[in-house]
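Written out below as structure tokens is the structure these notes cover.
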Amino acid sequence: MPYLDNFDRPISYLRVSVTDRCNLRCIYCMPPEGIPWRLHREILRYEEIERVVRAAASLGISKVRLTGGEPLVRKGLVGLVSMIARIPGIDDLAMTTNGILLARYAEELKAAGLNRVNVSLDTLRPERFRRITRLGELSDTLEGIAAGKDAGLVPVKVNTVVIRGLNDDEVVDFARLTRAPDWHVRFIEVMPLGDNADWAGNGYVPMGEVRERIERELGELIPARLGGGGPARYYRLLGTQGTIGFITPISEHFCYQCNRLRLTADGKLRPCLLSDYEINLRTPLRQGATIEQIKCLIVEAVRAKPERHHLSEQVIPQGRTMSEIGG
Ligand code: SF4
């Protein structure tokens, strides 16, 4: 039974950022030169991550998602997947990636115990992909998506952050993909965090508008289900099997059903994505903290979870960029 927070929400999900580094420089996420990377010694070792997940599992956490930066740039990630997959109580192990390296590792990740992947993809136009990511090729991410499906890391869900004037003119093209049964596209409202507040402010597109555009062009969206226990609301086009999801942290926040904690790559436990409050786990871990002591710190984080975010009151977290938290 997951541990309940002060608002009776069962906390069953831990997002683990394994690195702050990335092989892309998305314009709404970080500056061209990147952000000052954390020193190697500041980053949790795989054994330390394993201990935190083991402690969390004994408190009812059953789902783990590996994130970054870009998780696949960290060496030996397949090894971490097999370490976590062996922990009793973890029955859903997923990863979010930009897909650039996925074709290379998909089979190994599946064999190591990874269940499924979400792939971040904000455009279907090669030129625009280069402009948005500054470093990547669309073909690599599309090959990654195909490799993820072939390896059985399904459903492969595509995460598309919609930004006005950047890619909002492609929402119908993305929706059209879901006419194929194995395409699952989730549109996400851009969230202000750290340095990207301008992008989020000027580029914000409410999902209601995205839905209207899709229904105007492609017809009615009917409610659908796609598992995974996340905040997305799923629909499908009539007569199709693929799904379209909407994630609305701004226009219709879902904090009332929040079920998660986040572990940053440098070992801080973050009760809420959109609050700067964190609990340091790295120091106690390196001082030899027992599993029981780590469990106490996790319970402290659960109890520190806010009822909701306060973006509408212009309370915007400043302490980290999204790439340092892993979304
Ligand atoms: S903003 Fe915070 S409380 Fe709301 S869903 Fe996200 S993590 Fe949970």
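The values are calculated or read from the model by the stated rules, or taken from the named source; none is laboratory data. Because the structure is predicted, anything quoted here is derived from the model rather than measured. Please note: Cβ atoms are built from the backbone with ideal geometry, for glycine as well, and neighbour counts cover all protein chains shown. Protein only, heavy atoms only, side chains kept; ligands, DNA and RNA dropped before computing areas. Shrake-Rupley method; radii C 1.70, N 1.55, O 1.52, S 1.80 Å.
Here the range 215-238 is the region considered, the condition is being out of contact with any Cys (no Cβ under 9 Å at 6 or more places or on another chain) and within 30 Å of residue 294 (Cβ to Cβ), and the residue that is nearest to the ligand (Cβ to nearest atom) is 230. With respect to residue 189, determine if the residue is over 19 Å from the mean Cα position of the chain (by Cα) and either among the acidic types (Asp, Glu) or open to solvent by 10 Å² or more (accessible area, probe 1.4 Å) (or both). No; evaluated as a whole, the condition is false for this residue.
When residues in the range 1-34 are screened for being open to solvent by less than 20 Å² (accessible area, probe 1.4 Å) and in a loop (DSSP other than H, G, I, E, B), 8 of them pass. Quick one: count up the residues across the range 230-239 that are out of contact with any Phe, Trp or Tyr (no Cβ under 9 Å at 6 or more places or on another chain) and within 15 Å of residue 158 (Cβ to Cβ). Selection size over the range 230-239: 1.
Residues in the range 225-235 that are surrounded by 11 or more Cβ atoms within 10 Å (Cβ to Cβ), small (Gly, Ala, Ser) and either more than 21 Å from the chain's Cα centre (by Cα) or over 15 Å from residue 183 (Cβ atoms) (or both): 228, 229, 230. One residue alone among 324, 292 is under 25 Å from residue 27 (Cα atoms), part of a helix (DSSP H, G or I) and more than 12 Å from the ligand (Cβ to nearest atom), and that residue is 324.
Residue by residue through the range 239-282, note down the ones that are more than 16 Å from the ligand (Cβ to nearest atom), open to solvent by 40 Å² or more (accessible area, probe 1.4 Å) and in contact (Cβ under 8 Å) with a residue 12 or more places away in the chain. Even if it seems obvious, please write down each step before you answer.
Step one: list which residues in the range 239-282 are more than 16 Å from the ligand (Cβ to nearest atom), which gives 239-244, 265-267, 280-282.
Filter again for open to solvent by 40 Å² or more (accessible area, probe 1.4 Å), leaving 239, 241, 280, 282.
Scanning the range 239-282 gives 241, 280, 282.
All conditions in (1) open to solvent by 20 Å² or more (accessible area, probe 1.4 Å); (2) closer than 19 Å to residue 128 by Cα; (3) not β-branched (Val, Ile, Thr) hold for residue 167, with the sole exception of (1).
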